[in-house]
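Below you'll find the structure, written out as structure tokens, and then a few comments.
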Amino acid sequence: MKKNENKIKVGVVGVGHMGSYHVNVLSQIKTIDFVGVFDKSAKVGKKIASQYYVKCFESYEKLMEQIDAIIIAVPTSLHYETARLAIENKKHVLVEKPLCNKLEDAKELVRLASGHKVKLFIGHVERYNAAVQELRKLVKKPPILWESKRISTYNKRPTDIGVALDLLIHDIDIAMKIIKSPIVDMEAMGKKVYTQFEDVLTAQIRFANNCLARFLVSRVQNQKERTLRINLKNSDIVLNFETQDINIYKNAATNITTSPKSIKYKQQSSVERVFIHKENPLKLEVLDFINTILKDKEMDYESDLVTLETIFKIIEQI
């Protein structure tokens, strides 16, 4: 099939667990030219390339010669050098979160991207969760209490980061963007279980607008749960990240009935289920990346760096 020279040419480096999802999404987007992939494992690269009828390049440099934009899904410890090479070759970059495992490296990539006038997009896929998008409309005033839980079952895949950079970063990013207030105090505790990094973590953050936020993240549980409960003055909002559902609980009241033999408690509240139009968050993320390039949108690097800096402060505490 003849390639359209006017389409943005996109490639993927690193086609393991997360990279394969990106390849699947790119194969569905007809407004781009999906050029091909590169993986340090030629076997893995060729397998994925053959499944999606694209080219597997023999080197990262060869792939970059043929593209305008790259999606980076290599291990976090390789983000800096992989993204830096692309930026210096004036390629637009989408790099999976976290941007880097060092704050100084992240700031350097932002500086380079600005200097070379290319887009540096960080893959925070939960931003594109339909329920999170709706949550932005529902929370107009500072919450009283913000409680986030993100627990996963143990996965034996090698990891080069702890659960803070792996999972907590999603919830900190969402909280910072919705609470919209500076942090005044934080406490955190973590524990190693199966890796050399923290695998379980709890954190508590107090914001200047008096919102108290609590976070629990773990990747060693025997069940999976990803939920958020927000306590407002007259209602509670409960979000399920996996189903992309939101329930709003209002008018909670407790009735107590006593008798010589027992005391009975009955709690009543109304539940409003918010209708949400659900789409693939990763596809929305990639489309936003492409649209940002085409329309030359301004990048909000400052909030991305604040989120990352907050994570590193939590890691220091534990």
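The values are calculated or read from the model by the stated rules, or taken from the named source; none is laboratory data. Since the structure is predicted, the reported quantities are computational estimates derived from the model, not experimental observations. FYI the Cβ positions are ideal-geometry reconstructions off the backbone, even for glycines, and counts take in every protein chain you see. Ligands, DNA and RNA are stripped out before the accessible areas are found, and what is left, the full protein with its side chains, is counted by its heavy atoms. Shrake-Rupley method; radii C 1.70, N 1.55, O 1.52, S 1.80 Å.
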query: Here are some residues: Leu112, Leu103, Leu145. Which one is over 26 Å from Ile246 (Cα atoms) and touching a Leu at 6+ places or on another chain (Cβ under 7 Å)?
result: Leu103
query: Looking at segment 39-78, which of its residues are touching a helix residue (DSSP H, G or I) at 6+ places or on another chain (Cβ under 7 Å), closer than 21 Å to Ala113 by Cβ and among the hydrophobic types (A, V, I, L, M, F, W, C)?
result: Met64, Ala69, Ile70, Ile71, Ile72, Ala73, Val74
- request: Look through Tyr21, Tyr80 and report the one residue that is in a helix (DSSP H, G or I), touching a residue at least 24 places away in the same chain (Cβ under 8 Å), of a type in the set (Phe, Trp, Tyr) and open to solvent by 70 Å² or more (accessible area, probe 1.4 Å).
  value: Tyr21
field: Residue ID - nearest to Asp105 (Cα to Cα), chosen from residues in segment 279-312 that are exposed (fewer than 14 other Cβ atoms within 10 Å of the Cβ) and more than 17 Å from the chain's Cα centre (by Cα)
entry: Glu298
query: Looking only at segment 86-122, which residues are among the small types (Gly, Ala, Ser), touching a helix residue (DSSP H, G or I) at 6+ places or on another chain (Cβ under 6 Å) and either open to solvent by 20 Å² or more (accessible area, probe 1.4 Å) or within 19 Å of Met176 (Cα to Cα) (or both)?
result: Ala106
field: Checking Met64 against (1) more than 24 Å from the chain's Cα centre (by Cα); (2) under 26 Å from Arg157 (Cβ atoms); (3) aliphatic (A, V, I, L, M), the condition it does not meet
entry: (2)
- request: Examine segment 59-68 for a residue that is under 17 Å from Met299 (Cβ atoms) and touching a residue at least 40 places away in the same chain (Cβ under 8 Å), and state whether such a residue exists.
  value: yes
message: Just checking, does segment 135-150 include any residue being under 18 Å from the mean Cα position of the chain (by Cα) and β-branched (Val, Ile, Thr)?
response: no
- prompt: open to solvent by 40 Å² or more (accessible area, probe 1.4 Å), of a type in the set (S, T, N, Q), at pLDDT 95 or above and assigned to a loop (DSSP other than H, G, I, E, B) - does that describe any residue in segment 50-62?
  reply: no
message: Against the conditions (1) closer than 30 Å to Gln244 by Cβ; (2) at pLDDT 95 or above, where does Pro158 fall short? Just the number, please.
response: (2)
- prompt: Pick from Gln66, Gln133: which is in a helix (DSSP H, G or I) and open to solvent by 70 Å² or more (accessible area, probe 1.4 Å)?
  reply: Gln133
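Please verify whether segment 3-17 includes one or more residues that are under 21 Å from Lys119 (Cα atoms), open to solvent by 90 Å² or more (accessible area, probe 1.4 Å) and either assigned to a loop (DSSP other than H, G, I, E, B) or in contact (Cβ under 8 Å) with a residue 24 or more places away in the chain (or both).
Kept after step one, since they are under 21 Å from Lys119 (Cα atoms), are these residues of segment 3-17: 5-14.
Now narrow it down to the ones that are open to solvent by 90 Å² or more (accessible area, probe 1.4 Å): 5-6.
Adding the requirement that they be either assigned to a loop (DSSP other than H, G, I, E, B) or in contact (Cβ under 8 Å) with a residue 24 or more places away in the chain (or both) leaves 5-6.
Checked against the condition, which is being under 21 Å from Lys119 (Cα atoms), open to solvent by 90 Å² or more (accessible area, probe 1.4 Å) and either assigned to a loop (DSSP other than H, G, I, E, B) or in contact (Cβ under 8 Å) with a residue 24 or more places away in the chain (or both), segment 3-17 yields at least one hit.
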Of the criteria (1) touching a residue at least 12 places away in the same chain (Cβ under 8 Å); (2) outside any loop (DSSP other than H, G, I, E, B), which one Gln28 fails: (2)
message: Looking only at segment 170-219, filter to residues that are in contact (Cβ under 8 Å) with a residue 40 or more places away in the chain and of a type in the set (Ser, Thr, Tyr); which one of those is surrounded by the most Cβ atoms within 10 Å (Cβ to Cβ)?
response: Ser218
